[in-house]
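Below is one structure, written out as structure tokens, with a few remarks after it.
The values are calculated or read from the model by the stated rules, or taken from the named source; none is laboratory data. Owing to the predicted nature of the structure, the values given are computational and were not obtained by experimental measurement. So basically every Cβ, Gly included, is an ideal-geometry build from the backbone, and we count neighbours across all protein chains shown. Areas reflect the complete protein model, heavy atoms only, side chains present, ligands, DNA and RNA absent. Shrake-Rupley method; radii C 1.70, N 1.55, O 1.52, S 1.80 Å.
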Amino acid sequence: MNMRTKWPVLPVVAGLSAGLLTGCGSETGDSGGSGSTVSIGMTDDVLATDPASGYDPGSWLLFNNVFQSLLSFPNGGTEPQPEAAEECTFTDSGAKVYRCTLRDGLQFSNGDDLTSKDVKFSFDRMMKIGDAAGPAIMFPMLDKVETPDEKTVVFNLKVSDATFPSKIASGAGSIVNHREYSADELREDGKAVGSGPYKLESFGKDEAVFSVNENYKGSAKTQNSGVTLKLFHGDQSGLKKAIRDNEVDAAYRGLAAKDIAEIQEDTTGSQAIDVVEGSSAEVQHLVFNMKDPVAGKLGVRQAIAHLLDRDALIKEVYENTATPLYSIIPAGITGHNTAFFNTYGARPSRAKAEAALQADGITDKVKLTLWSTPTRYGPSTDQEFKAIAKQLNASGLFDATVKSVAYDQYEKDIEAGEYGVYVKGWVPDYPDPDNFTAPFFGEGNVLGNNYTNTTVTGQLIPETAAESDRSSTERQYGELQDIVAEQVPVIPVWQAKQYAVVRDNVYGLENCLDASTVFRFWEISKD
């Protein structure tokens, strides 16, 4: 999520068919709650409690536990399943009309009934407010939402979009109570009323408290009696101390790679804490401004691709808490290939880099600034970029330096076109190849790097969006990845692993760490 606002924090720590959602859905969850309360610490902030605004990892963590969507992603799965809905399906062959029937007896945490009116209100409201820091940008295809009756919702799309089920299964599909939210203004009182497994009891600068929602009806089965989320605002050492001193039961998103490695290597068990590792589709890219007088030259970009040593970065900077990434669609997502590996290889080649420069008429040493931002895409980003500059300079072909800028200024400068090479990270909104391609290379892409390709925008993205059998899109996505590797508007660098560090008496975290990016409070239990 997003290169807009929800580009993430660090390596911390598929097939979708039109008929897959027909049926009766999952068993209704246990809303009673059991076991102890659990405390979780993370370094991310929660930037919003209103789903029409939040579009960052911390906010979506809150949304995924407090609000229901019509669909949700099961543990370890990439195909959405019914949640607030009993069933959903495309009713046409063109993937432009999507119909959902709600479960019986849905209620919000305050006891109000949840009907199709609330679903329509939620989407209409999100689109009307159109908050720059919100998820409305995910739904340019949405034309109108209709409610034939209290249990039925019909989404009419302007263009075919077979990924629409995945989009509404994400935090962007959160359903709010029409009685509790303004139709045209964001809620800014720090409160939230949803129908998810938990209700938000309190929200403050350093802590959010969640209790089990007794009115919940859905697929989740709560394994605890409540969760306290402690916010460390980027303070890695503070989070590390808190888990070691038993001040939190689990640490999620934010421990430094060296701390994770240290805990993994401790075989004595003296700390009474364990590392839980999960899969992730979080990625990081080098991005090139195609209008920059230096980075805009193909030879420069290809030379960097020939010199980048991903394995060394992963080992030296991230202590093997990430894996090298050789294409824009990560491993584990439908359509993934290794286009950059195939084109540039895994080992740096000075000779090939020099040949690429000479083919573009460049014979002098290339003077280049790599722009970074210190914490937004991980606290090791500056260190990583210094290591990349060192790799480039060691070839004798580059004179590369690194500058790091605070995130707010960084985003403004990118928009103004002031950077030639810069970093972006991405936590997917939903685990589909569309989410790693359309936002980056479609019309109005979020990279801000002035890259366009008519084959990509006019043919490949529309073709893949219309295909409800996601496994049959591999040819188009393969072609798209090959084009990117040839033209190099970005260079993929790494794909994260997900980690949580837990006390010995805490269980279930392995069910919270997968490519869907949904952190499921209800899966966590404590003795």
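Can you tell me the Rg and the Dmax, both Å, for the Cα atoms in the range 69-216?
Calculated on Cα positions, Rg and Dmax stand at 15.2, 49 Å.
Subtracting the Cα-Cα distance from 0.36 nm times the residue separation, let me have the gained length for Lys367 to Asp245 in nm, one decimal.
Here the segment from Lys367 to Asp245 would lengthen by 39.1 nm.
In whole Å, largest first, what are the principal axis extents of the Cα atoms in the chain?
Cα extents, longest axis first: 71, 59, 37 Å.
Of all accessible surface on the range 41-184 at a 1.4 Å probe, what whole percent is carbon and sulfur?
Ligands and nucleic acids excluded, carbon and sulfur give 44 percent.
List the lysines whose Cα sits under 22 Å from the Cα of Lys291, skipping any in the same chain fewer than 8 residues away.
Correct list for Lys291: Lys365, Lys367, Lys403, Lys412, Lys424.
Over the range 200-331, what is the relative contact order in whole percent, taking alpha-carbon pairs under 8 Å and six or more residues apart?
With pairs under 8 Å counted, the relative contact order is 15 percent.
List the lysines whose alpha-carbon lies under 16 Å from that of Lys258, not counting same-chain residues fewer than 8 positions away?
Partners found: Lys240, Lys241, Lys315, Lys497.
In the range 331-345, which residues have a backbone nitrogen under 18 Å from the label point lying 7 Å from Ser472's Cα in the Cα-to-Cβ direction?
334-335
Using a ≥ b ≥ c from the Cα gyration tensor of the range 190-302 (square roots of the eigenvalues), is it rounded, prolate or oblate, where a/c under 1.5 gives rounded and otherwise the larger of a/b and b/c decides, a/b for prolate?
The shape class here is oblate.
Between Asn505 and Leu298, what is the label-point separation in nm under the 7 Å Cα-to-beta-carbon projection?
The two pseudo-label positions are separated by 6.4 nm.
Translational D (Stokes-Einstein, µm²/s) of the range 446-527 at 20 °C and 1.002 mPa s when Rh comes from the Kirkwood sum over C-alpha pairs?
The estimated diffusion coefficient comes to 130 µm²/s.
Which of the lysines could a cross-linker span from Lys117 if the Cα-Cα distance has to be under 17 Å and same-chain partners fewer than 8 positions apart are dropped?
Lys128, Lys144, Lys151
Need one value: the accessible area of Arg376 in square angstrom, 1.4 angstrom probe, rounded to the nearest 10.
50
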